[in-house]
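Below is one structure, written out as structure tokens, with a few remarks after it.
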Amino acid sequence: MSYSRLDKFKDKAKNILKRTLDSHITLAVTGLSGSGKTAFISALVHQLTEQANDKNMPFFRVVREGRHIATTLVPQKALNIPTFAYRQAMDSLTSKPATWPESTKRINTLRLAMRYRPNRGLRAQLGDTATLTIDLIDYPGEWLMDLTMLNMDYATWSNKQLNMLRSPVRKDHGAEFLDVLAQFDSQKSVDETELKQISNTYKHALRAIKQHAHAANLQPGRMLIPGDLEGAPLLAFFPCQAPQLKQDNTQYAQLEARFEAYKAQVVKPFYKEYFCRFDRQVVLVDLLRALKLGPEIFAEQTDAITDLLAFFEYGKSNLLRRLFSPNIDKLLFVANKADQVGVNYHQDLALLLHDLVKSKANELTFSGVEIDTMAMAAICATHNKSVKEKGRTLHCIYGKPLHEENWLTYLPPQPPRYALSKAQWPAHGFDYLDFAPMPNEDGTLRHMRLDHALEFLIGDKVR
Ligand code: GDP
């Protein structure tokens, strides 16, 4: 039987329909600096493009069911966002000696195309393969913290920042700025050089608070991670007490104008052009580092998690919902770097993270966002090692501590299952170690539960 014109037409129609059924998802990854975003994206791309088999990713259904055909890197569509340096990251991770890649300092993107065999719905009836395009977006969590600025005028924002600078965790690092500010005449006419100098002092205060006190709620976020705004005059502002009488053309008026410009030209566009286009969001949290740094920092970090969660709760009163219309319908909180403790403690870590998010999780679910929490390691830097001692089995880890020469078998402390108060904090604290990456001999990388994360984040898109 010859291939009739009708058949030809049918095939063409089927192909067009099939193409329209190919789907797309924007998956955003965030977390405060050092939380593991760069490692997470590198691992995700590596595991999907080179190691997607049922032994390595048994909990990612499309892979387990043998329906994953291949995932490849394809050119990104968004030409205004820098490309995530995947090859460079893999070179560092697999060099000899292996090193961690450079951390996220701006927004980055990368596009993957995943070809698979659908097993459900129209896609399955229309043909044997379909493609899911995945846009990965990696951005500093510090930028999210700016959202609340949109709700404040300059005077309110200044009061809040100045009060925070006097808090116990921050005051030592903010002292120099507060001294300079005390000498500052906000009523005189604009002195560009002075404004620049004082905003630099403020920037140093914020950076010192971040580095030494590991505080998370610091504004403006671009002073910490400026992205392409490094040195821009838009960033030359700082909090300042409001004068009794506001006048035009004064230093105060200039600071107020810059604050408003920052909101309009930096914060709003970030939400409008990026954030609102994300479909799914992963938030990485380095709970082990927060535990290691003690009760005050732990409290700061847990506050930051609650603040972050509030952004995704799209109830009527939510600022984001009122200003923009966000899309995110799945939110995954990850206690990352779980390979820094033995496998027997992963459950504790997951429970601790759950304890931190649970108060908000219910409201989030109510407003239509599916939320999950898990402990995982994007890139394992240790091996598990059981050691027998006095008839007991100790679940140790084995690896090369960062910046050290020798390999070590280490028994990390058990993480608590819920947030401890200062009074409950153990006297010996929580000493966790950072390790150098440990690629396999063949240059592949190991992960823990990245397949669980993928199933939650994109599993429903590849049925
Ligand atoms: P970013 O600032 O969020 O991009 O964080 P990075 O991805 O650069 O990670 C910061 C540091 O955390 C790295 O240099 C590593 O020391 C460590 N790290 C990141 N991911 C992992 C992981 O999965 N396991 C372990 N053990 N360490 C990790």
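Rule-based calculations on the coordinates, nothing more; no lab input. Model, not experiment: these values are computed from the prediction. Using ideal geometry, Cβ is built from the backbone for each residue, glycine included, and neighbour counts are taken over all protein chains shown.
Per q in 0.08, 0.14 1/Å, what log10 I(q)/I(0) does a Debye calculation on the alpha-carbon atoms of segment 246-405 return?
-0.38, -0.87
Counting only Cα atoms, I'd like the Rg/Rh figure for segment 380-463, Kirkwood definition for Rh. Walk me through the numbers on the way to the answer.
Values: Rg = 17.3 Å, Rh = 16.1 Å.
Radius of gyration relative to Kirkwood radius: 1.07.
Which order do the peptides 186-194, 78-86, 36-44 take when ranked by the mean count of other beta-carbon atoms within 10 Å per residue, highest first?
Numbers: 186-194: 12.8, 78-86: 15.8, 36-44: 25.9.
The peptides rank, most packed first, as 36-44, 78-86, 186-194.
Amide H neighbours of Thr26 under 5 Å, at least 5 residues apart or on other chains, H built in the peptide plane: list them.
Those qualifying (amide H under 5 Å, at least 5 residues apart or on another chain) are Asp135, Asp279, Arg280.
Quick query: amide H of Leu110 versus all other amide H atoms, modeled in the peptide plane; which residues come in under 5 Å with a sequence gap of 5 or more or a different chain?
Phe84, Leu136
Give the value in nm², to one decimal: projected area of the alpha carbon convex hull of segment 118-209, averaged over all directions. It would help to have the intermediate numbers written out before the result.
Details: hull surface 45.1 nm².
The orientation-averaged projected area of the Cα hull of segment 118-209 comes to 11.3 nm².
Counting pairwise Cα distances across segment 24-102, what percent come out greater than 18 angstrom? Could you put the intermediate results ahead of the total?
Values: 1633 of 3081 pairs.
That tail contains 53 percent of the Cα-Cα pairs.
Per residue, how much space in cubic angstrom lies within the convex hull of the C-alpha atoms of segment 145-267? Show your work: numbers first, answer last.
On the way: hull volume 12.1 nm³, N = 123.
It is 98 Å³ per residue.
Test of the criteria: in segment 73-160, which trypsin sites (Lys or Arg not before Pro) are in a DSSP loop and have at most 11 other Cβ atoms within 10 angstrom of their Cβ? Could you put the intermediate results ahead of the total?
Values: sites: Lys77, Arg87, Lys105, Arg106, Arg111, Arg115, Arg120, Arg123, Lys160; in loops: Lys77, Lys105, Arg106, Arg120.
Here the trypsin sites (Lys or Arg not before Pro) that fit, given the DSSP loop and packing criteria, are Lys77, Arg120.
Counting other Cβ atoms within 10 Å of each Cβ, which GluC sites (Glu not before Pro) in segment 230-271 have at most 13 and sit in a DSSP loop? Don't jump to the answer; show the numbers that get you there.
On the way: sites: Glu230, Glu256, Glu260; in loops: Glu230.
Hits after loop and neighbour filter: Glu230.
Output the DSSP H helices from the chain with an along-axis C-alpha extent of no less than 15 Å and a mean Kyte-Doolittle hydropathy no less than -0.5. Spell out each step's value before the answer.
On the way: long enough: 5-21 (24 Å, -1.13); 37-50 (19 Å, 0.46); 154-165 (16 Å, -0.57); 171-182 (16 Å, 0.02); 192-208 (24 Å, -1.02); 251-262 (16 Å, -0.76); 295-312 (26 Å, 0.55); 346-366 (28 Å, 0.01).
Taking the DSSP H segments of the chain (at least 15 Å long, mean hydropathy at least -0.5), we get 37-50, 171-182, 295-312, 346-366.
Determine the percent antiparallel among the DSSP beta bridges restricted to the chain, to the nearest 5. Provide the component values of the computation, followed by the final result.
On the way: 28 of 53 bridges.
So the antiparallel bridges amount to about 55 percent of the total.
How fast does the chain diffuse by Stokes-Einstein, in µm²/s, taking the Kirkwood radius from C-alpha pairs at 37 °C and 0.692 mPa s? Intermediate values should be presented prior to the final figure.
Details: Rh = 24.4 Å.
For these conditions, the coefficient is 135 µm²/s.
Which cross-chain or sequence-distant (5 or more) residues have an amide H under 5 Å from the amide H of Phe435, H modelled 1.01 Å from N in plane?
Result for Phe435 returns Leu402.
Please identify every one of the trypsin sites (Lys or Arg not before Pro) in segment 373-456 that sits in a loop by DSSP and has no more than 15 other beta carbons within 10 Å of its own beta carbon. It would help to have the intermediate numbers written out before the result.
Details: sites: Lys385, Lys388, Lys390, Arg392, Arg417, Lys422, Arg446, Arg449; in loops: Lys390, Arg417, Lys422, Arg446, Arg449.
Taking segment 373-456 and a limit of 15 other Cβ atoms within 10 Å, the loop trypsin sites (Lys or Arg not before Pro) found are Lys390, Arg417, Lys422.
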